[in-house]
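Trainee: First the structure, then my questions, so here it is.
The values are calculated or read from the model by the stated rules, or taken from the named source; none is laboratory data. All figures in this text were calculated on a predicted structure; none of them were measured in a lab. No Cβ is skipped: glycine too gets one built from the backbone with ideal geometry, and neighbour counts run over all protein chains shown.
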Amino acid sequence: MAPTPEQTFGFDPTHGYDLDSLLAVPAPAAPADFDGFWRGRYEQARAVRVAPATGARTVTAGAGAAEVYEVAYTSVGGLRVGGWLTLPADGEVRQGCVVTHGYGGRQAPDPALLPPGTAAVWPCLRGLGARSLHPGLPSDAAAHVLHGIGSRASYVHGGCTADVWCAATALLELVPAAARRLTYAGTSFGGGIGALALPWDDRFAAAALTVPSFGNHPLRLTLPCTGSGESVRRYHAAHPEVASVLAYFDAATAATRITVPTHVAPALLDPAVPPPGQFAVHNALRGPKELRVLTAGHVEPSDPEEEAALRDAQRDFLVTACPREPG
């Protein structure tokens, strides 16, 4: 007999929530200076001379055929962030995308995830992945998620969010046609960081967030998990004052400021990112949104049919979702 999820993970990875209760999870109230803090961080990032540079080129074949270049650019703090630039093989750019990754980092881009005609930058956010390892920044998720957490000014998630804004600047400098419709796609860690980045940057027209992390920190701190949140939960148990820092990096709180069309794919069961936090991001959105509920997240083997359906839905959304109305 196969073990139950509780036996496998040592806890219930649904945390006792069904779909109705998940759709009722709220976002925490924002600190009084939440908007000012993030607008200041955004202005700082936009002032950076990103100086993007491309390197080795390869060409992929088949679905999503693309030219692939190594790319690097400068982000806040003078860090060079590495990743990849992908361009449609036929040279016709109809839109752009910044694509981020989970806490496992990224080893290579996957252009087939995006709509045809997309020029994309695939950054490895600071300290992570194959191309953004830096001395002084841990690459292990359990340590990375705690780096600088003692202060809102030093917490690494602020730098990672700046890496997204600077990635957008780099993409638009390298491929001006991407400005026709700039989109965002992020999974897990990247979904949460995207929620933090999107409210302040009006260059983005639409977004897709899959099993987004960092939603409703006060609730997350009470829920065991197998992901980076467990490090934060344990740290908070010894340092409860960190809750005041986390309040500035809550993806659900930030989502209350997102007005661009956003596709969210949260999971009903997820041992790594507690589902209530994922749904809190979706529930908080104030603009047009589309929900695609997944059976499970961060569980292997995944359902290939569900993955394919999600990929198709997100590609369609990133093309057809209406851009934000002026004003």
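Trainee: Determine which member of the set Leu246, Leu269 is of a type outside the set (Gly, Ala, Ser) and more than 30 Å from Ser151 (Cβ to Cβ).
Mentor: Leu269
Trainee: Show me the helices (runs of 4 or more DSSP H) found entirely inside segment 131-220 where at least 1 residues are buried (at least 24 other Cβ atoms within 10 Å of the Cβ), touching a residue at least 60 places away in the same chain (Cβ under 8 Å) and of a type in the set (A, V, I, L, M, F, W, C).
Mentor: Correct list: 156-174, 189-197.
Trainee: Exactly one condition in (1) at pLDDT 95 or above; (2) touching a strand residue (DSSP E or B) at 6+ places or on another chain (Cβ under 8 Å); (3) surrounded by 14 or more Cβ atoms within 10 Å (Cβ to Cβ) is false for Thr60; which is it?
Mentor: Condition (1) is where Thr60 drops out.
Trainee: Report, by residue number, each residue of segment 239-278 that is touching a strand residue (DSSP E or B) at 6+ places or on another chain (Cβ under 6 Å) and of a type in the set (Ser, Thr, Tyr).
Mentor: Thr262
Trainee: Looking at segment 1-21, which of the residues that are among the hydrophobic types (A, V, I, L, M, F, W, C) and closer than 14 Å to Cys225 by Cβ is modelled with the lowest pLDDT?
Mentor: Top of the filtered list is Phe9.
Trainee: Could you figure out which of (1) loosely packed, with under 12 Cβ neighbours inside 10 Å; (2) over 19 Å from Val164 (Cα atoms); (3) polar (S, T, N, Q) isn't true of Thr14?
Mentor: Result: Thr14 fails condition (1) only.
Trainee: Residues in segment 99-111: is at least one under 15 Å from Ala66 (Cβ atoms) and assigned to a helix (DSSP H, G or I)?
Mentor: Within segment 99-111 (the criterion being under 15 Å from Ala66 (Cβ atoms) and assigned to a helix (DSSP H, G or I)), the answer is yes, since at least one residue qualifies.
Trainee: Here is a further query. Can you confirm whether segment 266-275 contains a residue that is in contact with a helix residue (DSSP H, G or I) (Cβ under 8 Å, 6 or more places away or on another chain) and surrounded by fewer than 16 Cβ atoms within 10 Å (Cβ to Cβ)?
Mentor: no
Trainee: Select from segment 154-184 the residues that are within 25 Å of Gly227 (Cβ to Cβ) and not polar (S, T, N, Q) and list them in ascending order.
Mentor: Tyr155, Val156, His157, Gly158, Gly159, Cys160, Ala162, Asp163, Val164, Trp165, Ala167, Tyr184
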